[in-house]
Amino acid sequence: MTERNVRVEAIDRRAVEDQEVEIVERKGLGHPDSICDGIAESVASALAQAYLDRVGHVLHFNTDETQLVAGEAEPAFGGGEVVDPIYLLIVGRATKRYEGTTIPTERIALEAAREYLAETIPQLEFGTDIIVDVKLGAGSGDLQDVFGEDSEEAGSSDSSSGQSPREEVTAPMANDTSFGVGHAPLSETERIVLEAERHLNGAYAEENPEIGSDVKIMGKREDDEIDVTVAAAMVDEHVADMDDYREAVESVRAEVEELAGEYTDREVSVYVNTADDYDEGSIYLTVTGTSAEQGDDGSVGRGNRANGLITPNRSMSMEATSGKNPVNHIGKIYNLLSTEIAEAVVADVSGIRDLRVRLLSQIGRPIDEPHVADVHVVTEEGVTVEDVRGEIEAIVNDQLADVTSITRRVIDGELSTF
């Protein structure tokens, strides 16, 4: 068994649920920063799959510098128009030629972006409401790491040999000295913020087309009182007049209030589009359902962390997770893996109220052997760190041994990066 540097100790703070003030944010799918995250990750997955299909290995690439420049629109009840389109630039590097094979990286990137936008923000007409450009510098064949045929089935057993693929696949070397951070379990406020945005952009939007995809939610808890502030872009085509708009806003407020009751017994107040001034006619009305049409720029890595939230009460990595190469880029792998480790520990080990996982890499070191895997815990009353240390260390080691499965799951779209 590989000897790993795993540390388990008491956390240096109270559990988040015990702190007097908690702040949590989520930027929804249509927020300009999330648009960049989503497209960058969609392009990354498409490139990785293309490399696997064409040469059998994931080659060197990164698309985590994607940028969005806001457009201009003139919304109006019943339907307005985009005057100046949004401009999005997919920036990064990608290997375009490898051992005699040419990979059309920029065409792959454009197709991935088009498909992502069509599925996520259908109000944005590709090529007219939003212009997408691609500038991918040449990646280096010397920098590519293998995620090839032998490891494609990571996560399932090999019935012919009786061995798990985790024993057959050699972990690649870390591309950087960096770290990832994860935590569990989510607090009540965190769960409300996360699930409210997912619901509004999911089942609720299917029945209420007036709500746009740009839904930003901020949660604040002071002691046992939770305030949820929602900024929800409304789509003008589905809003007939001011009364219709007011009804749409109230419907969102009532929906989030009801949802919050599923996750907490605390007092919850919900506020929607608090900048609206009905007397002046100043409201959050859009043509496309996103603030990117009117002044809000975007960039990869400026929004949600790998667990889908922005959590100032917790430790966070500043790395952009979306768009990075899923083979050995620590900024992606360790942020996803640390979150998975935290969730696995909380699910399987009794007596833990709050947990933080920090994984630190060292460039050139195998990614399944971090420089340190540091686990901080808050235990329940009557439970000590020594009571749970062995179980935690076993889970951390098991998860690290299977680190290469993160790569395949990311490429297959099973793991969200924002």
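The values are calculated or read from the model by the stated rules, or taken from the named source; none is laboratory data. Computed from a predicted structure; not experimentally measured. With ideal geometry, Cβ positions are generated from the backbone for all residues, glycine too; neighbour counts draw on all protein chains shown. Note: accessible area is taken over every heavy atom of the protein model, side chains too, but ligands, DNA and RNA are not part of it. Shrake-Rupley method; radii C 1.70, N 1.55, O 1.52, S 1.80 Å.
So what is the relative contact order for the chain, in percent, with contacts set as C-alpha pairs under 8 Å and at least six apart?
28
Taking the chain as a Gaussian network, where each spring joins two C-alpha atoms under 10 Å apart, which residue of Asn62, Asn273, Asn335 fluctuates the most?
Asn273
What whole-number value in Å² describes the accessible area per residue of the range 265-311 for a 1.4 Å probe?
So the range 265-311 comes to 44 Å² accessible per residue, rounded to a whole number.
Got a sec? Which residues in the range 226-262 would a label at Ala203 touch, if it sits 7 Å along Cα→Cβ and we count backbone N under 14 Å?
Answer for the range 226-262: 255-262.
Efficiency by 1/(1 + (r/R0)^6): what FRET value for Ser350 and Thr274, r their Cβ-Cβ distance, R0 = 51 Å, to the nearest 0.05?
Taking R0 as 51 Å, the efficiency between Ser350 and Thr274 is 0.75.
Probe of 1.4 angstrom, ligands and nucleic acids ignored: what's the accessible area per residue over the range 1-150, in square angstrom?
So the range 1-150 comes to 46 Å² accessible per residue, rounded to a whole number.
Antiparallel DSSP bridges in the chain: what percent, to the nearest 5?
Antiparallel bridges make up about 65 percent of those DSSP assigns within the chain.
I need the chymotrypsin sites (Phe, Trp or Tyr not before Pro) found in the range 177-278, filtered to DSSP loop residues with at most 12 other beta carbons within 10 Å of theirs.
Sites meeting the loop and neighbour criteria: Tyr278.
Please arrange Met173, Met318, Met218 by accessible surface area, largest first, computed with a 1.4 Å probe and ligands excluded.
Met318, Met173, Met218
In what sequence, largest accessible area first, do His329, His57 appear using a 1.4 Å probe?
Reading off the accessible areas and sorting them downward yields His57, His329.
For Asp84 and Ser282, what does the FRET efficiency come to when R0 = 30 Å and r is the distance between their Cβ atoms, rounded to the nearest 0.05?
E between Asp84 and Ser282, to the nearest 0.05, is 0.90.
Only helical DSSP H runs with n ≥ 4 go in: add -39500 (n - 2.57) per run for the chain, normalise by residue count and round the 222 nm mean residue ellipticity to 500 deg cm²/dmol.
My calculation for the chain gives -9000 deg cm²/dmol from helical runs alone.
Given R₀ = 45 Å, what would the calculated FRET efficiency be for Thr2 paired with Arg97, taking r from the Cβ atoms and rounding to 0.05?
0.80
Of the residues Ser282, Ser42, Ser187, which exhibits the maximal mean-square fluctuation in a Gaussian network model of the chain defined by a 10 Å Cα contact cut-off?
Judging by the Gaussian network model, the answer is Ser282.
Heavy atoms only, probe 1.4 Å: what % of the accessible area of the range 76-126 goes to carbon and sulfur, would you let me know?
Carbon-and-sulfur percentage of accessible area, whole number: 46.
For the pair Gln49 and Glu106, how long in nm is the line joining their label points, each one 7 Å along Cα→Cβ?
2.3
In what order, largest first, do Arg191, Arg314, Arg266 sit by accessible area if the probe radius is 1.4 Å?
Arg191, Arg266, Arg314
With the crude spin-label approximation of a point 7 Å out along Cα→Cβ, what separation in nm comes out for Asp387 versus Ile363?
4.4
Taking all protein chains in place and a 1.4 Å probe, what share, in percent, of the accessible surface of the range 359-418 do carbon and sulfur account for?
Heavy-atom surface of the range 359-418 belonging to carbon and sulfur, 1.4 Å probe: 45 percent.
Which whole-number percentage describes the relative contact order of the range 1-99, with Cα contacts under 8 Å and a sequence gap of 6 or more?
It rounds to 21 percent for the range 1-99.
From the backbone phi of the range 284-299, what are the Karplus-calculated ³J(HN,Hα) couplings (6.51 cos²θ - 1.76 cosθ + 1.60, θ = phi - 60°) in whole Hz, Gly and Pro given as x?
Each residue's phi maps through the Karplus curve to give 8, 10, 10, 7, 10, x, 9, 5, 5, 6, 8, x, 9, 7, x, 7 Hz.
Only Cα pairs under 8 Å and at least 6 apart count here; give the relative contact order of the range 341-418 as a rounded whole percent.
Value for the range 341-418: 29 percent.
Taking only protein heavy atoms and a 1.4 Å probe, what accessible area per residue, in Å², does the range 330-418 have with all protein chains in place?
36
What residues qualify as long-range amide H neighbours of Gly212, i.e. H under 5 Å apart, gap of 5 or more or another chain, H built at 1.01 Å from N?
Ala233, Met234, Val235
Calculate the spin-label point distance for Asp265 paired with Met318, positioning each point 7 Å from the Cα along the beta-carbon direction, and give it in nanometres.
Taking the two extended label points, one gets 4.2 nm.
Can you pull the percent of the range 217-340's accessible area that's carbon plus sulfur, 1.4 Å probe, other chains left in place?
40
For a label point 7 angstrom out from the Cα of Met242 toward its Cβ, which stretches of the range 278-293 have the backbone nitrogen within less than 16 Å?
Hits in the range 278-293 for Met242 at 16 Å: 278-285.
When the chain is modelled as a GNM with alpha-carbon springs shorter than 10 Å, which of Thr63, Thr95, Thr384 fluctuates the most?
With Cα springs under 10 Å in the chain, the top fluctuation among Thr63, Thr95, Thr384 is at Thr384.
Which of the GluC sites (Glu not before Pro) found in the range 1-57 are in a DSSP loop and have at most 15 neighbouring Cβ atoms, other than their own, within 10 Å?
Loop-located and lightly packed - Glu3, Glu20.
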